Structures are given as C-alpha cells and as structure tokens.
Amino acid sequence: MTTTRPELLRVEGITKAYPGVVANSDVSFAISEGEIHALLGENGAGKSTMVKMIYGLVRPDTGTMTLRGAAYQPAKPAEARRLGVAMVFQHFSLFEALNVAENVALGMENPPPMRELAARIRAVSEEYGLPLDPSRMVGDLSAGERQRVEIIRCLLQDPKLLIMDEPTSVLTPQEVEILFKTLRQLSSEGTAILYISHKLEEIKSLCDEATILRRGKVVATCTPRERTAREMAELMVGTALKTPERRQGQKGEVALGVSDLSAASPIPFGTSLKGVSFTVAKGEVLGIAGVAGNGQDELLLALSGELKAAADKVRVAGNAVGDLGPVERRKAGLVAAPEDRYGHAAAPDMSLVENAFLTAGVRKGLTKNGFVDWAGTRAFAEEIIKAYDVRTPGPDVAARALSGGNLQKFLMGRELMQGAAVIVINQPTWGVDAAAAAQIRQSILDRAGEGAAVVVISQDLDELLEVSDTFAVLNEGRLTKPRPTEGLTMDEIGLMMGGAHGMEVAHHVQA
Amino acid sequence: MFRLEKRPTPSKFWLYATPPVAVILTMIAGGILFAAMGKNPFEVIRTIFWDPVFGEFAFYLRGQLLVKAGPLILIAIGLALGFRAGIWNIGAEGQYIMGAIFGAAVGLAVFPTENRLIFPVMVIAGAFGGWLWAMIPAILKTRFNTNEILVSLMLVYVAETILAKASTGFLKNPEGMGFPGSRNFSSYPAAQNGFIYEPLGLHWGGVAALVTGVLAYILLTRHQAGFQIKLAGQAPRAARFHGVSPARLVVLCMGISGALAGLAGLFEVTGPAGQISIDFNTGYGFTAIIVAFLGRLNPLGIVLAGFLMALTYVGGEMASTNLGLPDAAIQVFQGMLLFFLLAVDVLTNYRFRLPFSVGAK
Amino acid sequence: MDLGGINPVILIATLMASAVPILLAALGETVVERAGVLNLGVEGMMVIGALGGFIVAVQTGSPVMGFIGGAVAGAVLSLIFAALTQVFLANQVATGLALTLFGLGVSSLGGQGYNGIKPPPTGQLLPDVLADLPVVGPILFGHDWVVYFSILMTAVLWWVLKSTRIGLIIRAVGESHEAAHALGYKVNRIRLMCIAFGGAMAGMGGAYVSLARVPQWVDGITAGAGWIALAIVVFASWKPWRVLIGAYLFGGITVLQLNLQVAGSIIPVEYLSMAPYLITILVLVIMSAGRKGKVNGAPAALGQNFHASR
C-alpha cells in the first residue's frame, strides 16, 4: 500500500559537517504522504542533525530537498511550519513556567487569541484522545503530558509531515500504546510521520519504511516488518553485539538500607520523595525504573548525600548515614553517579584529572593536610582511562572535549574503581553508543559479581531487565516494592509505572 | 557575519595572550579618544606607560607604582577568589573604608602611647573591620538568599556615610582646629605604616600584597579549598556533588576578600593617606575589580595587573599635570581596558569562523 | 495639616516625582531580566543618560529633546553591553560592572564644562486650575509630563508582557533559551533589543535626575539610583506594577529623610542619609527570605549566556 501514495518529501545527497565531525554524509531518502517512516540509528549517527535540517534549524552544506515536488530549503523553523512540517522534540522545547496554551502559541505562526486557542486545544486533544488542560503550568505536568503539549502544538497547524524525535523514551508502555494509536490515526488521515528512534521493536510494530543511519551515512533502507530486530540492530551498529554476561555472585547481607525516606525536591518543578524504602544486598543489582521526572534525580541526591535526611533513613553496612554529606558517605562506602554528565557528575571545563579528584579524593586518599596530591590523582585518572578504554588524547583535556560515550565511561570508571561497597548510578548509558553501553553494563555486573551492592536508576527498561536482579519503579516520588526481575512481563511493569498518566477518561472512551 | 564555534578544550595560548591584546587595543582606542580631546595621542600614551618607569622622574615615580599597586593587588586577590567561586563581592570599597576606620580607631584610641604592639593590633583590627563588613552580605546570602551584589554595594554607600561621620565626628582630630579629618599618623610613629624601603615604595601593605599573591596562588593550585572554589564557580551542582557546602564557601570567600580589603584600607590610611578623611578612599575597591579580571582571576596575574593599573594611575597623574589630561579620561581608559578584556576573552573558549570556510572534509 | 513639620500632600506629590528615575530604570531592567539578561550596568546607563539628556537639553533648549537624548545615550551605552554579552558571550555580571565604571568615567569626562549651568525647565503639564485643587491637585495634576509617562509605561509594559505576543516571546526567551531557539526564535537578537530598550529607559531615568530633580550637572549625579533600581526589580518579583509600588515606597523614604533633615530632626543627618540604602537591604532580605529553590518569578535563564552550538 505504500507504493501507491504520492511522494511528500525527498532528501537527496545531504551532507552536513561540523569541525571534526561529519554529521551527515550524502544522505538520501523519500517519504510518501501518510507514510510512517523510521529514521533509525544509534546515538551520534546523525539522526538529530538530519531532522533539524528538515525543520530549518540547521542548513545543509550540500544536497537538496523537495517537498511535494517543489524545492524545499527552509531558512528557519517558521518557514518549515508554514509549509506543513512540524516537529515534536525530545528535549528543550517547552517552557516550564508558562502554561499549556502559551507554550502552544509559541510554536505557532499566527496563534488565535488565547481564549480561542484554549478552546481549540481542548477540541484537538479530545479528537485524538490526548486530554490536556490549556491553563495548567507545563512545569507541573508529567513527562507524558508534556509530550502531548508538543504533539497538540503540531496538530493545531495541520501538518503534512510530523517529525517525532525519540518520542517514547519518556512514556510508560501503556502511554506508548496510546501514542501509537494516535500516530496511526494521523497516518490514515494522510499525515506522514518521520519517526526517529533506536528502539527496534517499536519500529517493527509502527513503521512502514525505515532508513538506517550509521556514522552519518545511509547503510540500508528496508521495510521493518520484513526484518528481524537483530538484523536491523546489526545494520545500525555495524557489528554483532554481545549481551553482557552475568557472573553469578553470592548474595550477601544487606549493604544499603533505605527506610521510609521522604524529602522535598530542591529542583524547581521537581518531584518530592515520599516514603521510599528498599534494601540492597551485597552482590545484588536493584533496578529502579520510571518515567523521567518521577523522583529519579531526587533519589540520587538523597543517596549521594547532596540531600540530607534523618540519620537512620539511609544505612550503609548498618551505619546510619542519612544526615551525612557526600564526603562522609563516600568514606562510609557509598559512591554515586548522577545522570547529568555536563555540570553535575563532571565539571565540563575542568580536566579529566581534576574530574577524577572530584569524587575520588576521599576514598583514594588523594589529599594530605588539605593539599591535593595531583600526581596521585593523575595516576588514578590514567588508570581509569586504561581500564575503561576511554578515547582521549590524555588526562589533561577538558571533560567537555570527550564524546558523551567516552566521558560516561570515564565517569563510570571513576565510581566503579573506588572499591566502594555500595554504588548508585542514575542513567548509566543515557545518550551513549551501543558499544560503550554494553561495556558499561558489563562493568556494573562485574562489580556486583565482586560483591558490591548496586542500585541502577534508569528509564531504559531493556537495560534494567538486562542488569538487575530485583526491580522496582519510581512513580510520583513513591517506590514500589522491589520484586525479582525474573518472570516480570511488560504489562506488569507498565502497571507498576502507573499505567497511562492522566488518561483515565480517554481510556474509558476508547476501550 | 562571522560565527562563533566552541573549542573542545580552552586555548592555552589565548589564556595568556588575552590581557596583552586587550592592553594594546585599549591603547589604540584610548589614543583615538585622546586625539579627539585635542591631545597628541602618542605623547599621552608615552606619558602614561613609559615615563613613570623610564622617564625623567622615574626615580620617584617607580616607588609610587608599588604604593598604588599594593592596595589594588590585595583587594583584587580577595575579589578574584570570590569571582572564581561565583560569589560577587563588589562592595570592596566599603570593606576598605571600614578596615581603615577600625584600624585607625584602635591606633587613635591609645594615642600617644608608644608600643611595638600597637601597629600589629591595628593591622588585625583593620582586617577584622573589613571582614565584619563583608560578613553582612555573606550572612544575609546564606540565611536569606539575598543577592550579595546589591547588598555589598549598598554597604559602600553606608560605609561612606560612616566615614564622613568618623572624619567630622568620632575620629576627628581634637587639635585640628575644626578641620575635618583625624590625627595624622605620620606624627604618631607607633601607629605609622612607614616605608621599609623607600626607593621601591615598599611599605607593609606592599609586603602583604606580594605575600598574599603567592599564598593565594598556592591555595588555588595546590589546596583542596582552591579546587572547591574553582569547581563551585564552574559547575555549582558538581561542587555540591563533590561535597562543598555553598554556604561555607560564601562565608569563606566573602570573609577573605573583606579582610584583605580591610587590610588594604588600614595600610593606606596609616601610610600614603596619612589620616582618616572624608575622601581618603580613591575608588581602589572598584578599580580592583578591573585588576582582578585583567589578571585573569589568577593571583600571580593579578600582581602583574596591579602594577599595570598602578601605571595608569601614576602616569595619569603625570598626564594630568603635564598635558592637562582630565582625571576622568583615565577612568574611561580603565573602563575600556575591562571591556576589551571581556571581549577578547571569548577567544579562550571559542574561535571565529567565516561562513564560507566551514570545515567540510 | 502638617505632621512634625511635614505636609503629607506635598510628601506624596514629591515622592511621585522623586521616584521617576528609579521607576523608569527599573521598568527597563524588568524587561531586560524577563528576557533572561542581568545587566548590572544600570547605574552607568543612568549617569550617561543624565549627561546626554543634559547636554541635548542645554544645546537645543528643549527639555523634551533632552529626554530623547538621554534615552539615546543610555541605549547606545547598553549596546556595548549587548555586543559583549550577546556576541562575545562575556560574563554578564562582569560586563555590567564594567559598564557602570565606564559610564561613570565617560560622564565625568564629558560633563566638564557643564557644571553650574541651568537646563531648560520641565514644567507642569496640566493648567494651574487643576493643579491648585486642594489635596488632589498636587498629587494628581501637578506633575510634569515625565511623571505621567512613567506611570503610563508601567501600564504599557504590564500589558505587553502579559497579553501580547512580543511579551510572550520575551518571557519565553528568559525562561529557556534552548527551547526558544528550538522553536526558531532568534534568542540573541531578541535579547539585544530588550537590552537596548532597558538602556533607553535607564538613560531617560538618568535624564530626569539632571533635568528635573536636581536640576543641573554634577559628577556621579545618580548616586547609586541605578543599583537601587536593580534591587527594586527583585523586590517587585519582575512585575511592572510592583516595580511602581517599590519605586514609590523608595521615593517616599528618600523624600521623608530629606524632609526630616530639613525639619531638623533629632536623628543625625548622616544616619538619615544612609537610610535609603539600609532600607533597600532590608527589603531585599524580606523579599528573598524563604524563597530558596522555590518559584519566585525569577526568569529561569537569568544571567546565562546562550550560544547555539548545533
């Protein structure tokens, strides 16, 4: 059925280079009206740059685009929108302190007066089963609801082509189903969808065609339904991937105990923790899932010591550490790795040596009378670089000069190589290429095999199912009771994650 | 138009090249300004930058350099520690005044006792006065999250009124025949900050400035507290993750800069200024902000920058007496220097590219 | 009806006029900060505006031209700040301080030869019939046009920020420059225009000092009014009507302490003249207390520079 539809967008020979990186090289593909077309590739393959060119945010160096037969060279997003191209962003396109209607208005060329706009938002949101209150502050919305704001903003402009950048990374499995229903409805109405993802099962179930990018080049075009996920994965990554091996260690006594931990969020529009309790034994990996913004950052802060509580709320090897700061907690044997590499886990403008000192100073004994042992710190940084295969010219370059994957390997190495009894990691492989991700997961499992108690907080369910022995979900600041990972089904996980947020009404209508 | 492109690693070359380039650009722009005022630009620039060091009166003026540079360096080093940590104390002028008043008050209280301990106690009192004045914005920031920039600045105006009150009231010279101003320390040897080596203009303030420069350099490069200061300024969340308490850092940095400004005030009032008077302060607290940036917030750089800025003061006075250049022109000149410095600084972290030279392979 | 030698009607009427410089400057800075830019150079822009306005008024003989000249002078100076922070990505705090130091220097250099001259007067706008009415006359009708203009600007800015598309875009840029950029808004260009507007308002506020309040030229004539304007923006939680209230409160305190000085109060003159600064600190403490990490109306991107990398 795909062949009969008229062509909507054709991309031919697009090349875009940045200093030191060629983001896209001679990329060509075509999308028909009403087609759901996947742009598939791992992190850094050039998917985002490609769609930014289609949306007019970035200009290609060479190559041409045609939209419905006419030359298409949007100089700015407003022009793209005027010609019927709309985009739902993965991050960074909503304003937390503004309300839904204002956010929608900012993405439109000629928005109607606010009252009329609010009415239209309500109408469209009902039509597509995406309930949304136009007067609510976006900062108070869940991740899934925020995405609805973006989708509705696009739909109000009657797009011919809707670009979606990694839309499911912020959704629960149930919310994903609802989104797919909406997308299929749009497709049947003739709207083409360019769907960017690296999740193969999703693409198999949703997309008509797929263009696979690797290192900026098109390596294959295929019909996802006719390929296995494994075949596409190998096209995408270029090599066959090993799944991490689990060394079965002995489960020991409890190393980390958290009981009834509540904490107000220090982050604007953050989620407070409400009565979180769990224990992790030596050699055990506890996976904590949940959609972004349900208290993951706060849980990490509360465990690392950046957010303090009553002493007995957090125990490391039986010692109460809840009222201690990060330094004392590291001394007690707990290390933590926050999600944000640029500015939280690492200081981007500082060298790798300085970043090694950032957390390893305490446990590695790198200070004497308050003076820093820079030679010792450099040796430790070099050790990490070697052990974790960090690609860098040397330990003196600024952290920001490393690619995301390499910096993450360095930061993981920094925490994992301190010989701590308890390790807490938030999003160990976020934005990291597949090879580095596999390596990081393997090293987490190795440390658990050596007897460390590990907590992995992640939004990637596949990752958690791969590494964790026990599994729990953070939902609106509450943690479900941890359960053994073995035997859990996707449906069960979805329900633990709270099903579809704010969808109760629509659910009834559709069911 | 050009485009800016972030460098992967900060440029070492531009880190050091920025201040000289800014100085040269300022000389060019300043020359244009002086020419517009009907002066011979070359003559003015020579009078400011060359004559004080190598000219006819250099034997005297060279000494003046350290006299002016000392307080600038002392204050700027304290400010730089705070600026590095993202703590903006811009009320050093007030802390400088309060240090002078506290120190002078101690000395005047025991007049005319002669005792070796008097001057050291005055030094401590001066540092304490500046520290105390800086603690007001520090505590308000840590307790109430009040903006330290505005509070420290408001306190300059308050300190100036206290100074006026001191010189016409509680510290007024009882034998001054009604004129405002305190007793002159030049006639009170126990409390006087005299020259240790006059040809170089070296008094205790200069010693303190140079020693502080070295100590601050060691603190920043070798000590954990220095690392924490830099970290807090560059990545505040990473600093908290490292285990720095933001409140403690505010108290530490404000305290150091306040105490150093207070010291500078004390050395000035007991030495070159000689007495507490309504206008003994000459804006060193504000000029030190320029010095701190010109020295790239690096203590050793600040020592050099302090001398350069002192040169513009000493040379400026020369230009004022010999060529009739208004004092304000020097102030403009100093302001331009900071502008050029901030502008050229972009090259440390970014490079310029013209759109047609995009690096496609 | 005098209270301790102070007539409340005159007090209110005078405070409205004495608040004009900080009101105008603070309104301008409100727009600048709403767009996510912290320009600490208000004092410098005011003093340049004071001089520019004075010179133009004296040369042309027209006070209205003087105010326009002050606005232009302030805007031109603010463009230096805009270029440094928006093009060269310089630190906003440092650049703002530099702007103040530079502005003070330039004004004292350019002001030589203007000491002791009287500028053309800026008279009362409405006829005496109205201004002479008891009580309401001096308070409502006895002012020059700039007083009414400053109140009008408060209303206009409130409306623009709250209900217009331009206002929405300004707020959006100040909340998240990444998001605004992703939607195709030219973040740096929008900020540049806001900075120029802020400079014009500060310059006009400065011109009111030298043309109407003092009225003559003296070095450093603004005496910290720019810093107080900055404090009032915080006090007002970045809302125009609250800026008006803050400026009037502050104007009231200034006028009151001057009146007390004249009336020969028992409090020494020195302590009275430090009152405005101490009260500003007190107000800052009250407004900032208990707001740690909470939503307080401060634009989320305030003080951060934006560079579109990819």
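Taking a ≥ b ≥ c as the square roots of the Cα gyration tensor eigenvalues, with a/c under 1.5 meaning rounded and otherwise prolate when a/b beats b/c, else oblate, which class fits segment C:32-127? The shape class here is prolate. Taking 1.567 mPa s as the viscosity and 4 °C as the temperature, the Stokes-Einstein diffusion coefficient of segment B:42-89 based on its alpha-carbon Kirkwood radius rounds to 103 µm²/s. Across all Cα pairs in the protein assembly as shown, the calculated P(r) in 10 Å bins from zero up to the longest distance comes to 2, 9, 16, 20, 20, 15, 10, 6, 2, 0, 0 percent per bin. If I take every Cα pair under 8 Å that is 6 or more residues apart in chain C, average their sequence separation and divide by the length, what percent do I get for the relative contact order? Value for chain C: 36 percent.
The residue among B:Gly233, B:Pro199, B:Gln275 whose Cα reaches farthest toward the positive pole of the charge dipole of segment B:162-318, with charges on the beta-carbon of Lys, Arg, Asp and Glu, is B:Gly233. Annotation: aspartates and glutamates with alpha-carbon distance below 15 angstrom to A:Lys282 (same-chain offsets under eight excluded): A:Glu253, A:Asp446, A:Glu450, A:Asp469.
How far is helix C:165-175 tilted off the main Cα axis of chain C, in degrees rounded to 10, range 0 to 90? It works out to around 70 degrees. Segment B:251-280 and segment A:276-303 have their alpha-carbon centroids 52 Å apart.
This ranking places B:Thr270, B:Thr9, B:Thr26 by how few other beta-carbon atoms lie within 10 Å of each, fewest first, which gives B:Thr9, B:Thr26, B:Thr270. Using Cβ point charges alone (K and R +1, D and E -1), the dipole size of chain C about the Cα centre works out to roughly 1140 debye. Solvent-free Debye calculation, one equal scatterer per alpha-carbon of chain C: log10 I(q)/I(0) at 0.07 Å⁻¹ equals -0.27. Report summary: the helix-based calculation at 222 nm, which adds -39500 (n - 2.57) for every DSSP H run with n ≥ 4 and divides by the residues of the protein assembly as shown, gives -17000 deg cm²/dmol. Taken along its principal axes, the alpha carbon cloud of segment B:129-210 reaches lengths of 46, 38, 17 Å, longest axis first. For segment B:1-120, the fraction of alpha-carbon pairs lying more than 21 Å apart is 69 percent, rounded to a whole number.
For segment B:215-361, the equivalent ellipsoid derived from the alpha-carbon gyration tensor has semi-axes of 33, 27, 11 Å in decreasing order.
To the nearest ten degrees, helix B:148-165 and the longest principal axis of the Cα atoms of chain B are 30 degrees apart.
Summary value for chain B: 35 percent relative contact order, contacts being C-alpha pairs under 8 angstrom separated by 6+ residues. With all pairs of separate Cα atoms included, segment A:7-237 yields a Kirkwood hydrodynamic radius of 18.0 Å. Once C-alpha pairs closer than 8 Å and six or more residues apart are averaged by separation and normalised to the residue number of chain A, the relative contact order reads 16 percent. Taking only alpha carbon atoms, chain A gives an Rg to Rh ratio of 0.98, where Rh is the Kirkwood radius. Label-to-label distance for B:Arg248 and A:Glu126 is 5.9 nm, based on points extended 7 Å past Cα in the beta-carbon direction. Set against the 2.2 N^0.38 Å expectation for a compact globular protein, segment A:278-393 has a Cα radius of gyration ratio of 1.18.
Over segment A:412-493, the alpha carbon radius of gyration divided by the compact-protein estimate 2.2 N^0.38 Å works out to 1.10.
Distances between placed amide hydrogens fall under 5 Å for B:Asn193 paired with B:Gly271, all partners being 5 or more residues away or on another chain.
Each Lys and Arg Cβ is given +1 and each Asp and Glu Cβ -1; about its Cα centre, segment C:182-310 then shows a dipole of about 820 debye. If you wrap the tightest convex hull around every Cα atom of segment B:3-347 and split its volume per residue, you get 156 Å³. From the P(r) of segment C:157-310, could you give the percentage of C-alpha pairs in the tail past 24 Å? The answer is 48 percent, as a whole percent. Here the Karplus curve 6.51 cos²θ - 1.76 cosθ + 1.60, taken at θ = phi - 60°, turns the phi angles of segment C:75-83 into couplings of 5, 4, 5, 5, 5, 4, 4, 4, 4 Hz, with x standing for Gly and Pro. Under 5 Å between amide hydrogens, built in the peptide plane, is the criterion, and for A:Ile163 it picks out A:Ala86, A:Met87, A:Val88, A:Leu194 among residues at least 5 positions away or on other chains.
In plain terms, the residue of A:Tyr128, A:Tyr342 with the fewest other Cβ atoms within 10 Å comes first and the most crowded comes last, giving A:Tyr342, A:Tyr128. When both segment A:48-97 and segment B:190-210 are represented by their alpha-carbon centers, they are found 67 Å apart. Share of pairwise Cα-Cα distances greater than 17 Å in segment B:194-301 is 63 percent (whole percent). Both radii were evaluated on the Cα set of segment B:73-220; the Rg over Rh quotient, with Rh as the Kirkwood radius, amounts to 1.01.
What pairs in A:Lys76/C:Lys162; A:Lys308/B:Lys141; A:Lys160/A:Lys204; A:Lys274/A:Lys481 have C-alpha atoms more than 18 Å from each other? In this structure, A:Lys76/C:Lys162; A:Lys308/B:Lys141; A:Lys160/A:Lys204 exceed 18 Å between Cα atoms. In this label model, C:Trp145 and A:Lys251 are separated by 8.4 nm, measuring between points 7 Å along each Cα→Cβ vector. The angle separating the long axis of helix B:204-222 from the principal Cα axis of greatest extent in chain B is about 40 degrees.
Only the coordinates and a few stated rules stand behind these numbers; no lab work does. As the structure is a computational prediction, the values presented were derived from the model and not from experiment. No Cβ is skipped: glycine too gets one built from the backbone with ideal geometry, and neighbour counts run over all protein chains shown.
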